[in-house]
Amino acid sequence: MRAEIGLWLEQSAVGLLVRESLWGFPIVVGLHILSLAFSVGMFLWFDLRLLGLALTSVRVSLVYRRLIPWATVGFGSSFITGGLLFTGYATAASANTAFRMKVLMLLVAGVNAVVYHTVTERDREAWDAWTHPPRAARVAGAISLIAWATVILCGRIMSYTMF
Ligand code: HEM
(Lines give C-alpha, C1' and ligand atoms only; values in the text may rest on other atoms or scores of the structure.)
Protein backbone atom coordinates (compact mmCIF):
# COMPACT_ATOMS: atom_id res chain seq x y z
CA MET A 1 0.00 0.00 0.00
CA ARG A 2 1.32 3.47 -0.83
CA ALA A 3 2.88 5.19 2.21
CA GLU A 4 0.81 8.37 1.69
CA ILE A 5 -2.46 6.42 1.91
CA GLY A 6 -1.31 4.71 5.11
CA LEU A 7 -0.32 8.02 6.69
CA TRP A 8 -3.56 9.63 5.54
CA LEU A 9 -5.60 6.83 7.19
CA GLU A 10 -3.56 6.99 10.41
CA GLN A 11 -3.92 10.81 10.63
CA SER A 12 -7.68 10.66 9.98
CA ALA A 13 -10.07 11.30 12.88
CA VAL A 14 -10.93 7.56 12.98
CA GLY A 15 -7.25 6.55 12.83
CA LEU A 16 -6.36 8.87 15.70
CA LEU A 17 -9.38 7.71 17.74
CA VAL A 18 -8.39 4.02 17.37
CA ARG A 19 -4.67 4.59 17.96
CA GLU A 20 -4.43 7.45 20.46
CA SER A 21 -7.61 7.63 22.54
CA LEU A 22 -7.73 5.79 25.89
CA TRP A 23 -10.61 3.46 24.96
CA GLY A 24 -10.51 3.44 21.14
CA PHE A 25 -8.26 0.42 20.54
CA PRO A 26 -9.42 -1.77 23.46
CA ILE A 27 -13.10 -1.32 22.51
CA VAL A 28 -12.56 -1.92 18.78
CA VAL A 29 -10.26 -4.92 19.21
CA GLY A 30 -12.69 -6.30 21.82
CA LEU A 31 -15.57 -5.99 19.35
CA HIS A 32 -13.34 -7.52 16.65
CA ILE A 33 -12.77 -10.58 18.82
CA LEU A 34 -16.46 -10.74 19.81
CA SER A 35 -17.44 -10.62 16.12
CA LEU A 36 -15.32 -13.72 15.64
CA ALA A 37 -17.78 -15.71 17.78
CA PHE A 38 -20.66 -14.72 15.50
CA SER A 39 -18.77 -15.11 12.24
CA VAL A 40 -16.32 -17.99 12.25
CA GLY A 41 -18.02 -19.38 15.37
CA MET A 42 -21.25 -19.89 13.38
CA PHE A 43 -19.57 -21.11 10.17
CA LEU A 44 -17.62 -23.67 12.17
CA TRP A 45 -20.88 -25.66 12.69
CA PHE A 46 -21.85 -25.45 9.02
CA ASP A 47 -18.38 -26.68 7.98
CA LEU A 48 -18.57 -29.53 10.50
CA ARG A 49 -21.98 -30.47 9.03
CA LEU A 50 -20.49 -30.46 5.50
CA LEU A 51 -17.73 -32.74 6.78
CA GLY A 52 -20.35 -35.07 8.31
CA LEU A 53 -18.86 -34.53 11.80
CA ALA A 54 -21.72 -32.65 13.55
CA LEU A 55 -25.50 -32.04 13.33
CA THR A 56 -25.69 -34.98 10.88
CA SER A 57 -29.39 -35.59 11.64
CA VAL A 58 -30.22 -32.07 10.39
CA ARG A 59 -30.46 -31.26 6.64
CA VAL A 60 -27.51 -29.24 5.35
CA SER A 61 -29.84 -26.52 4.02
CA LEU A 62 -31.56 -26.15 7.42
CA VAL A 63 -28.25 -25.80 9.28
CA TYR A 64 -27.27 -23.12 6.76
CA ARG A 65 -30.58 -21.24 7.01
CA ARG A 66 -30.43 -21.21 10.83
CA LEU A 67 -26.81 -19.99 11.04
CA ILE A 68 -26.48 -17.57 8.12
CA PRO A 69 -28.41 -14.61 9.74
CA TRP A 70 -26.04 -14.68 12.76
CA ALA A 71 -22.96 -15.24 10.58
CA THR A 72 -23.93 -12.31 8.35
CA VAL A 73 -24.00 -9.96 11.38
CA GLY A 74 -20.72 -11.50 12.59
CA PHE A 75 -18.87 -11.06 9.30
CA GLY A 76 -20.24 -7.57 8.86
CA SER A 77 -18.93 -6.51 12.24
CA SER A 78 -15.61 -8.39 11.74
CA PHE A 79 -14.95 -6.41 8.57
CA ILE A 80 -16.09 -3.08 10.03
CA THR A 81 -14.02 -3.46 13.23
CA GLY A 82 -11.10 -4.88 11.24
CA GLY A 83 -11.25 -1.87 8.92
CA LEU A 84 -11.23 0.46 11.94
CA LEU A 85 -8.20 -1.33 13.41
CA PHE A 86 -6.48 -1.13 10.03
CA THR A 87 -7.16 2.62 9.85
CA GLY A 88 -5.30 3.14 13.13
CA TYR A 89 -2.27 1.07 12.13
CA ALA A 90 -2.38 1.09 8.31
CA THR A 91 1.37 1.40 7.67
CA ALA A 92 2.42 -1.28 10.20
CA ALA A 93 -0.45 -3.64 9.25
CA SER A 94 0.03 -3.46 5.47
CA ALA A 95 3.78 -4.22 5.87
CA ASN A 96 3.05 -7.10 8.29
CA THR A 97 3.48 -10.66 6.92
CA ALA A 98 0.77 -12.06 9.21
CA PHE A 99 -1.70 -9.43 7.97
CA ARG A 100 -0.87 -10.19 4.33
CA MET A 101 -1.37 -13.90 5.00
CA LYS A 102 -4.67 -13.06 6.73
CA VAL A 103 -5.92 -11.10 3.69
CA LEU A 104 -4.87 -13.99 1.41
CA MET A 105 -6.83 -16.44 3.59
CA LEU A 106 -9.87 -14.12 3.62
CA LEU A 107 -9.73 -14.31 -0.21
CA VAL A 108 -9.36 -18.12 -0.16
CA ALA A 109 -12.37 -18.39 2.19
CA GLY A 110 -14.33 -16.08 -0.11
CA VAL A 111 -13.51 -17.98 -3.32
CA ASN A 112 -14.26 -21.28 -1.56
CA ALA A 113 -17.71 -19.98 -0.55
CA VAL A 114 -18.45 -18.75 -4.10
CA VAL A 115 -17.47 -22.13 -5.61
CA TYR A 116 -19.61 -23.94 -3.01
CA HIS A 117 -22.68 -21.78 -3.73
CA THR A 118 -22.31 -21.67 -7.53
CA VAL A 119 -21.08 -25.22 -8.27
CA THR A 120 -21.19 -27.70 -5.36
CA GLU A 121 -24.63 -26.65 -4.08
CA ARG A 122 -26.33 -27.03 -7.49
CA ASP A 123 -27.43 -30.65 -6.84
CA ARG A 124 -27.84 -30.21 -3.06
CA GLU A 125 -31.42 -31.53 -3.09
CA ALA A 126 -29.93 -34.94 -3.86
CA TRP A 127 -27.62 -35.02 -0.80
CA ASP A 128 -29.19 -32.46 1.57
CA ALA A 129 -30.12 -35.11 4.18
CA TRP A 130 -27.01 -37.29 3.79
CA THR A 131 -25.03 -37.67 7.03
CA HIS A 132 -21.84 -37.63 4.91
CA PRO A 133 -22.23 -35.15 2.00
CA PRO A 134 -20.35 -35.80 -1.26
CA ARG A 135 -16.59 -35.16 -1.53
CA ALA A 136 -16.89 -31.65 -3.08
CA ALA A 137 -19.00 -30.48 -0.12
CA ARG A 138 -16.62 -32.06 2.41
CA VAL A 139 -13.64 -30.43 0.66
CA ALA A 140 -15.44 -27.05 0.84
CA GLY A 141 -15.97 -27.55 4.57
CA ALA A 142 -12.31 -28.50 5.12
CA ILE A 143 -10.95 -25.53 3.09
CA SER A 144 -13.24 -23.18 5.02
CA LEU A 145 -12.13 -24.49 8.41
CA ILE A 146 -8.42 -24.25 7.51
CA ALA A 147 -8.81 -20.76 5.98
CA TRP A 148 -10.69 -19.30 8.97
CA ALA A 149 -8.36 -20.94 11.51
CA THR A 150 -5.44 -19.30 9.66
CA VAL A 151 -7.23 -15.91 9.63
CA ILE A 152 -7.62 -16.09 13.41
CA LEU A 153 -4.03 -17.28 13.97
CA CYS A 154 -2.66 -14.49 11.77
CA GLY A 155 -4.83 -11.93 13.60
CA ARG A 156 -3.28 -13.02 16.87
CA ILE A 157 0.27 -13.11 15.48
CA MET A 158 -0.21 -9.53 14.22
CA SER A 159 -0.52 -8.28 17.80
CA TYR A 160 2.99 -9.61 18.53
CA THR A 161 4.66 -8.64 15.27
CA MET A 162 3.12 -5.32 14.27
CA PHE A 163 4.56 -3.13 17.02
C1 HEM B 1 -14.00 -12.53 9.59
C2 HEM B 1 -12.90 -11.93 9.44
C3 HEM B 1 -11.86 -11.66 10.53
C4 HEM B 1 -11.53 -12.41 11.63
C5 HEM B 1 -12.11 -13.72 12.08
C6 HEM B 1 -10.45 -11.68 12.33
C7 HEM B 1 -9.83 -12.12 13.49
C8 HEM B 1 -8.85 -11.40 14.18
C9 HEM B 1 -8.26 -11.82 15.45
C10 HEM B 1 -8.61 -13.09 16.22
C11 HEM B 1 -7.37 -10.85 15.82
C12 HEM B 1 -6.49 -10.82 17.09
C13 HEM B 1 -7.08 -9.84 18.05
C14 HEM B 1 -6.23 -9.79 19.29
O15 HEM B 1 -6.29 -10.71 20.06
O16 HEM B 1 -5.53 -8.81 19.51
C17 HEM B 1 -7.39 -9.85 14.78
C18 HEM B 1 -6.60 -8.73 14.82
C19 HEM B 1 -6.61 -7.80 13.82
N20 HEM B 1 -7.42 -7.77 12.71
FE21 HEM B 1 -8.81 -9.14 12.19
N22 HEM B 1 -10.17 -10.55 11.64
C23 HEM B 1 -11.00 -10.49 10.54
C24 HEM B 1 -11.05 -9.52 9.58
C25 HEM B 1 -10.20 -8.44 9.55
C26 HEM B 1 -10.18 -7.46 8.49
C27 HEM B 1 -11.08 -7.50 7.25
C28 HEM B 1 -9.22 -6.55 8.82
C29 HEM B 1 -8.74 -5.30 8.08
C30 HEM B 1 -9.15 -4.83 7.00
C31 HEM B 1 -8.65 -6.97 10.10
C32 HEM B 1 -7.65 -6.27 10.77
C33 HEM B 1 -7.10 -6.66 11.97
C34 HEM B 1 -6.04 -5.92 12.66
C35 HEM B 1 -5.37 -4.62 12.18
C36 HEM B 1 -5.72 -6.64 13.81
C37 HEM B 1 -4.61 -6.33 14.84
C38 HEM B 1 -5.14 -5.80 16.08
C39 HEM B 1 -4.06 -5.89 17.15
O40 HEM B 1 -3.08 -5.25 17.02
O41 HEM B 1 -4.24 -6.63 18.10
N42 HEM B 1 -9.26 -8.11 10.52
N43 HEM B 1 -8.30 -10.21 13.81
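Computed quantities for the displayed model
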{"quantity": "Principal-axis tilt of helix 60-88 within the chain, Cα atoms, nearest 10 degrees", "calculated": "10 degrees"}
{"quantity": "Rounded to 10°, Cα long-axis angle of helix 135-161 versus longest principal axis of the chain", "calculated": "20 degrees"}
{"quantity": "Accessible area per residue in Å² at 1.4 Å probe, computed on the chain", "calculated": "58 Å²"}
{"quantity": "Alpha-carbon centroids, region 20-40 and region 52-85: separation in whole Å", "calculated": "18 Å"}
{"quantity": "Carbon/sulfur fraction of accessible area - the chain, other protein chains in place, 1.4 Å, %", "calculated": "74 percent"}
{"quantity": "Helical contribution to [θ] at 222 nm, DSSP H n ≥ 4, -39,500 (n - 2.57), averaged over the chain, rounded to 500", "calculated": "-26000 deg cm²/dmol"}
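The values are calculated or read from the model by the stated rules, or taken from the named source; none is laboratory data. Here the structure is a predicted model, which means the values were calculated and not measured. When the accessible area is computed, the model is the full protein with side chains, heavy atoms only, and any ligands, DNA or RNA have been set aside. Shrake-Rupley method; radii C 1.70, N 1.55, O 1.52, S 1.80 Å.
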